[in-house]
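The values are calculated or read from the model by the stated rules, or taken from the named source; none is laboratory data. Just so it is clear, the model here is predicted, and its values are computed rather than measured. Here the Cβ is made from the backbone with ideal geometry for all residues, glycine too, and neighbour counts use every protein chain on show.
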């Protein structure tokens, strides 16, 4: 079958419904056709959780993936530093006292 190094006898068995392709064969077929294994098995792609991400979150993930391991560690350290300060967390209320300290 194509150039996937799958035996013709296996493909014949699949066509006749006498056998099903194994995981390795499904992965080879999915890669060959640039499809997901979900598409091969279900006829549709799985819903990505990335659909729930905001534009900013998708950008953060994209940029993070472009960093090498050292760069990713630096980002995580900075994130921990920022998260340790309550004023940067969701739901934080900026008080008048803090405002005077910020501008004073």
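What to note about this one:
- A count restricted to segment 57-75 and to residues that are assigned to a helix (DSSP H, G or I) and surrounded by 10 or more Cβ atoms within 10 Å (Cβ to Cβ) stands at 12.
- Residue 62 vs. criteria modelled with pLDDT of 85 or more and either more than 30 Å from residue 79 (Cβ to Cβ) or in the same structural domain as residue 74 (by TED's automatic domain parsing) (or both): yes
- Out of 13, 66, one residue alone is without any contact (Cβ under 8 Å) to a residue 60 or more places away in the chain and under 24 Å from the mean Cα position of the chain (by Cα). It is 66.
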